[in-house]
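Asker: Here's a structure for you.
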Amino acid sequence: MSSTEIVFDNVSKFYGEVLGVNRVDLHIPPGITSLVGPNGSGKTTLMNLMTGLVHPNSGVIQVRGLSPYAPEKLMKIMGYATQYDSGPRGATGIEFVSTGLLLFGYSKTDAQRRAWQAIERVGLTAAAKRKVAGYSKGMRQRIRLAQAIAHDPEVLILDEPLNGLDPLVRAETIALFRDYGAAGRHVILSSHVLQEVDVFSDQVILIANGMIVAEGQIKNVREEIHEHPSQFLLHCKDASKVASLLFAESHISEIKLAPEGQGLLVLTRNRDAFSAALERISLSGIDIDGVIPTDENVDALYEYLIGGGR
Amino acid sequence: MNPAQQIWTIARQELSRVFFSRRSFWVYLLALFPSVIFLGHAVEASIQKRSWSRGRTVSAEALNRVQSGMTDEQVLELLGKPVNDNTRRNRPRRNRDVDPEAERQPEVRRYMMYFDGKRRVDLRFEEGKLVSRNMRDLLNFEEDRKVYAGMFQFFYLRLGIFFGCLGIFINLFRGEMLDKSLHFWFLVPVKREVLLLGKYLAGLIAAALIFGGGAMLSFLAMVLPQDGNEVQTFWQTIGPEHAFWYAAAAMLGCVGYGSIFLAAGLLLRNPIIPAIVMLLWESINGFLPDVMQKLSVLHYLQSLCPVPVPLPNDMPALLKMLLSPAAPSSVPSAVLGLLAVTALVLFAAMQAARRLEINYGTE
């Protein structure tokens, strides 16, 4: 197996009778990879399998040539920021990061130095001596990230790392991911919002119900998404006139009246063409008060990808 | 960093969590309970001694001259004013038909208590004549040592250390699973076996200090209030050996029970189940064949206790059977046997630790 990739070979994981992931085959190259899927789809299970926190019922996993059954080797090259805080109770930020470093073999001085560097990297220096228990959600995300990067790992795994971050910190965090990815390291992160990660990911793995439904470079996945029919709610006074004009467009699959006379619900297979059509209708003098996407969420996309379209 | 350094680093990091865990705070109560009892006994004796010495203490020789049949006036003349002097007039339980006048002549009972600085003597007079003399030491070292031995074997080893180790060791892994913090240890470059030994060492240090310290504290609370000469003789003869073996038995109890409950915390979610199974196993150990008896922690610990505890003859048969110690082993074989059982259990725990998964959702 490749010593530069993360490899899942026919991996299945069940929690009792509940499916975690099923027959997963993956070859993840270095760079930024996003695992995207709705809640309960198996993203965290995949991450836990890579890190050895859970073990597969069948199949083999290798992380850059190392087995998750050998934490003494694997964890030297891996940092994992989970959804849960993992540090001594009552610890300050600096203690939270430096405590674990002692077990990497660093002296107390080195551990402190590395902890300070990591904390500086995530922009938490001012709060480093405050207790983590008093941190906001976003600060906790950042201190967990600092903990994961403090030993300078080759593989960085992050469970929903952008949750709760304000736009400025989010941009800084994404820049950090890009630095790591550009250095030939693995950055694997999870999200349930595709639009959140597709701008900076090198590859995306879409997962639903424990199965991989799409994977590859982001542009390939985007093309698949592009063909996904989208539904919009149009607020307009003359609904029948707008409907008749839209029916003439080839990309429109369905038009129906919205409940309580809110306007029209329109299903299109081509967002760009739909935008152009709306522009033409507006220019012809027919008022369109608002356009609201009603299914622009990842669940609808999975429904499409799994079910083969509507 | 070699495994031994990793074990020590883990143990150091775990120690404060083990010592100050809110979940196992009651462990301190179990460890200190015997000390409280013996301190209470000592304080009570000290208060009584001080209080009675404020009155007139009499000499032991004068006390010994008191004979049955002496009148209360003769005793007062011989010993002087007592520490306590109570008179009661009881209605006699005589048959009215035989002696109708008896009801009008109540029986007079007088109780006097004297103190010679060490012993208290209770004298009971009926109709002015001494009918009973009860003399006992305020503190009886021989008796207190037997009481201590009984407390140590029947409470401290069987319940105190047993449940204390349950509270400390079962939480080393299970408690962190409940706190959703166990992944911290699984995400550092340490073998699971090393992690297990580090946590075991932390639990062992804490338990040994708490229960070894508790055993010593209660032992001192039993010994120190005794008569100075007796205490000096005790320390010059068998005292240090007794103190050592009580502490050693307490600490080795932590070694054995600790390994079992650490393994139980890895294998089972509900701590009640291993506790009940283990308690039953230890209780019926005396009935088991010789080979099976060797798989018990209590069997070895009882062999290390320096003072045998005689069970009272009037004890119910079933209770007597449960409390009777199994055939004792020699001290070296008891220590080695206990360490062998511990090694076996820790090996099984290591296998379980290798397979252990983080699954907070189902906890």
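Every read-out reported here was derived from the displayed coordinates using simple, explicitly stated rules and does not represent laboratory data. Given the structure is predicted, the values throughout are model-derived calculations rather than measurements. We place every Cβ from the backbone using ideal geometry, glycine too, and count neighbours over all the protein chains shown.
Asker: Given a cut-off of under 8 Å on Cα pairs at least six residues apart, what relative contact order in percent is computed for chain B?
Answerer: Relative CO of chain B lands at 21 percent.
Asker: Quick one: among A:A146, A:A111, A:A239, which has the greatest mean-square fluctuation in a GNM of chain A with alpha-carbon springs under 10 angstrom?
Answerer: Of the options given, A:A239 has the highest mean-square fluctuation.
Asker: Are there any chymotrypsin sites (Phe, Trp or Tyr not before Pro) in the range A:32-87 that are in a DSSP loop and have at most 13 other Cβ atoms within 10 Å? List them by number.
Answerer: A:Y69
Asker: What is the Å³ per residue value for the convex hull set by the Cα atoms of the protein assembly as shown?
Answerer: Enclosed volume per residue, from the Cα hull, is 290 Å³.
Asker: Please check which bits of the range B:111-132 a label hung off B:Q74 would reach, taking the label as a point 7 Å along Cα-to-C-beta and the cut-off as backbone N under 16 Å.
Answerer: Taking a point 7 Å out along Cα→Cβ of B:Q74, the residues of the range B:111-132 whose backbone N falls under 16 Å are B:123-132.
Asker: Between Rg and the Kirkwood Rh of the range B:200-330, both from Cα atoms, what is the Rg to Rh ratio?
Answerer: 1.02
Asker: Averaged across orientations, what area in nm² does the convex hull of the alpha carbons in the range A:1-155 project?
Answerer: 9.8 nm²
Asker: On to the next question. What lysines does B:K118 reach when the alpha-carbon gap must be under 25 Å and sequence neighbours fewer than 8 apart in one chain are set aside?
Answerer: B:K49, B:K81, B:K146
Asker: If you don't mind, another one. Go from 0 up to the bin containing the longest alpha carbon distance in the range A:66-137, width 10 Å each, and give me the % of pairs per bin.
Answerer: Spelled out per bin, shortest first, that is 19, 49, 27, 5.
Asker: Just to confirm my numbers, what's the Cα centroid distance between the range A:251-285 and the range A:40-116 in Å?
Answerer: That distance is 49 Å.
Asker: Next up: Let me confirm one metric for peptide A:66-79, namely the mean number of other chain beta-carbon atoms within 10 Å of its residues' beta-carbons.
Answerer: Going residue by residue through A:66-79 and averaging, the value is 3.
Asker: Here's something else I'd like to know. For B:W235 and A:A182, FRET efficiency with R0 = 60 Å and r from the beta-carbon atoms, rounded to 0.05?
Answerer: Using R0 = 60 Å, I get an efficiency of 0.20.
Asker: Taking each pair of different alpha-carbon atoms in chain A once, compute 1/r for the pair, average those values, and report the inverse of that mean as the Kirkwood hydrodynamic radius in Å to one decimal.
Answerer: That comes to 21.6 Å for chain A.
Asker: Taking chain B as a Gaussian network, Cα atoms linked when under 10 Å apart, which of B:R17, B:R124, B:R88 shows the biggest mean-square fluctuation?
Answerer: B:R88
Asker: Please average, across the residues of A:45-52, the number of beta carbons from any other chain that are within 10 Å of each residue's own beta carbon, and give a whole number.
Answerer: Average per residue, whole number: 2.
Asker: In addition: Using a 10 angstrom Cβ neighbour count of at most 13 plus a DSSP loop assignment to flag exposed GluC sites (Glu not before Pro), which longest range of chain A is free of such sites?
Answerer: Answer from the scan: A:18-226.
Asker: Now a separate question. Could you tell me which of the pairs A:K43/A:K108; A:K43/B:K191; A:K13/B:K199; A:K131/B:K199; B:K180/B:K294; A:K76/A:K129 are separated by over 31 angstrom between their Cα atoms in the structure shown?
Answerer: Those over the limit are A:K43/A:K108; B:K180/B:K294.
Asker: Taking H as built 1.01 Å from N, whose amide H comes closer than 5 Å to the amide H of A:L156, not counting residues under 5 places away?
Answerer: Residues meeting the amide H criterion: A:G79, A:H186, A:V187, A:I188.
Asker: Please identify the longest segment of chain B free of exposed chymotrypsin sites (Phe, Trp or Tyr not before Pro), where exposed means a DSSP state other than H, G, I, E or B and no more than 13 other Cβ atoms within 10 Å.
Answerer: No qualifying site falls inside B:26-363, the longest such stretch.
Asker: What FRET efficiency comes out for B:R124 versus B:R23 if R0 is 41 angstrom and r is the Cβ-Cβ distance? Round to the nearest 0.05.
Answerer: According to the calculation, E is roughly 0.15.
Asker: How much net charge surrounds A:L102 when only other residues with a Cβ under 10 Å from its Cβ are counted (Lys, Arg +1; Asp, Glu -1)?
Answerer: Surrounding charge for A:L102 is +1.
Asker: Kindly provide the helix-only [θ] at 222 nm of chain A, computed as the sum of -39,500 (n - 2.57) over DSSP H runs of four or more divided by all residues, to the nearest 500 deg cm²/dmol?
Answerer: It comes out at -11000 deg cm²/dmol, rounded to the nearest 500.
Asker: For chain A, what relative contact order do you get, as a whole percent, if you take Cα pairs closer than 8 Å and at least 6 residues apart?
Answerer: 19 percent
Asker: Consider all pairwise Cα distances in chain B and report the whole-number % of them above 28 Å.
Answerer: Cα-Cα pairs of chain B separated by over 28 Å account for 58 percent.
Asker: I'd like the FRET efficiency for A:T125 and A:V199, computed as 1/(1 + (r/R0)^6) with the beta carbon distance as r and R0 of 35 Å, rounded to 0.05.
Answerer: After rounding to 0.05, the efficiency reads 0.80.
Asker: Which whole number gives the average, over all residues in B:350-360, of C-beta atoms from other chains lying within 10 Å of the residue C-beta?
Answerer: 3
Asker: Here is a follow-up. Along the charge dipole of chain B, Cβ charges K/R +1 and D/E -1, which of B:S24, B:Y156, B:T71 sits furthest on the positive end?
Answerer: Sorting the options by dipole projection puts first B:S24.
Asker: Something else: Given a 10 angstrom Cα cut-off, can you work out which residue in B:G198, B:G213, B:G239 is the most mobile in a GNM of chain B?
Answerer: Highest fluctuation among the options: B:G239.
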